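Single-structure report; data block below.
The values are calculated or read from the model by the stated rules, or taken from the named source; none is laboratory data. For clarity, every value in this text was computed on a predicted model and none was experimentally measured. Cβ placement follows ideal geometry from the backbone for every residue including glycine, while neighbour counts extend to all protein chains displayed.
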Amino acid sequence: MTTSAPEKKDFAYQRADFEVVRAKLKALTGINLADSKDSMVYSRLARRIRTLGLTDFKTYLRYLDQHIDEQEEFINALTTNLTSFFRESHHFDYLKRYIKAANRPLKIWCAASSTGEEPYSLAMTAVEALGRFDIPVTIIASDIDSKVLATASAGQYKLEQLDGVDIEMKKRFFHRGKGANAGKVKVVPELRKLLHFQKLNLMDDQWSVPKDFDVVFCRNVMIYFDKQTQLEILKKIIKHMAYDSLYFAGHSENFSHVSQLLTPLGKTIYQPKRL
């Protein structure tokens, strides 16, 4: 029986390097990298090392300390952006009923925009609920990663990324590309104008978003923080939420340890308690 040789790496990379990366990411974003993410860290930061023409991880980490503008590239490289249109569809069914019943202007915050599939799903839900594009709904979509925000703002996707979208909604909300853009789709301008994209780090002391949100989608974000950080961020989010508002969490997030903050309404849907 033979064993495979260890994977050859272009740059020296030791456990101590991973621990430094993990500590820096925690300090900048509050995100806790699991022990199992050491290979992911190598593959993603190796790209930055090549781009910058550096020789190894220790040199890169010194460069990171000396060049504040590299922090954004560092964060962009290490944050995960897994998303899709109408992911966890029961949330959008619930939201549609909420919007229909509200009969008033609403403010919605998507706190982890990623490449835009989630906020555009929110906008499509609002348009479908009210039956028109000219709606009294404001949608703020934020993310810590500037590169995915640029993708989201552009609103252009591969056609197969719309596999989970109803065929009539595809026709209403997307233009199909032609020629060089064949196989791609672009969000129609009427939908795009409903969204306001901005960069935001949930670990910042001050957030440049409005108060009194009626709906907050903050899904599959808290899993990257320890429980104390989750508690601190949730307290801040709730201060930005209106009375009788809704908080939508991810399917893998458990908030039993913050029952003093949130009242469960359904499957990963909550109402904030007044602080």
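Would you pick out the residues in segment 176-210 that are polar (S, T, N, Q) and at positive phi? Walk me through how you get there before you give the answer.
From segment 176-210, those polar (S, T, N, Q) are 181, 198, 201, 206, 208; that's our starting set.
Passing the criteria: none in range.
Could you list all residues from segment 108-138 that are touching a Cys at 6+ places or on another chain (Cβ under 7 Å) and either outside the structural domain of P189 (by TED's automatic domain parsing) or outside any helix (DSSP H, G or I) (or both)? Break it down stepwise before answering.
Let us first name the residues in segment 108-138 that are touching a Cys at 6+ places or on another chain (Cβ under 7 Å), namely 111-112, 118-119, 122.
The answer is A111, A112.
Give the residue that is surrounded by the fewest Cβ atoms within 10 Å (Cβ to Cβ), with candidates limited to residues of segment 245-258 that are among the hydroxyl-bearing types (S, T, Y) and not in a loop (DSSP other than H, G, I, E, B). If you could, list the steps in order and put the result at the bottom.
The initial filter retains those residues of segment 245-258 that are among the hydroxyl-bearing types (S, T, Y), namely 245, 247, 252, 256.
Narrowing further to those that are not in a loop (DSSP other than H, G, I, E, B): 245, 247, 256.
Working: S245: 21, Y247: 27, S256: 7.
Filtering segment 245-258 for residues that are among the hydroxyl-bearing types (S, T, Y) and not in a loop (DSSP other than H, G, I, E, B), the one surrounded by the fewest Cβ atoms within 10 Å (Cβ to Cβ) comes out as S256.
Pull up segment 46-92, narrow it to residues that are in contact with a helix residue (DSSP H, G or I) (Cβ under 7 Å, 6 or more places away or on another chain) and of a type in the set (V, I, T), then point me to the one that is modelled with the lowest pLDDT.
T83
Considering only residues that are surrounded by fewer than 17 Cβ atoms within 10 Å (Cβ to Cβ) and part of a loop (DSSP other than H, G, I, E, B), look in segment 8-38 and name the one that is modelled with the lowest pLDDT.
The qualifying residue modelled with the lowest pLDDT is K8.
State all residues of segment 259-270 that are over 20 Å from the mean Cα position of the chain (by Cα) and surrounded by 15 or more Cβ atoms within 10 Å (Cβ to Cβ); if no residue qualifies, say none.
L261, L262
Residue by residue, here is whether (1) surrounded by 14 or more Cβ atoms within 10 Å (Cβ to Cβ); (2) in contact (Cβ under 8 Å) with a residue 24 or more places away in the chain holds:
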| site | (1), (2) |
| --- | --- |
| F173 | yes, yes |
| A180 | no, no |
| R192 | yes, yes |
| L202 | yes, yes |
| P210 | no, yes |
| D214 | yes, yes |
| C218 | yes, yes |
| T229 | yes, yes |
| Y243 | no, yes |
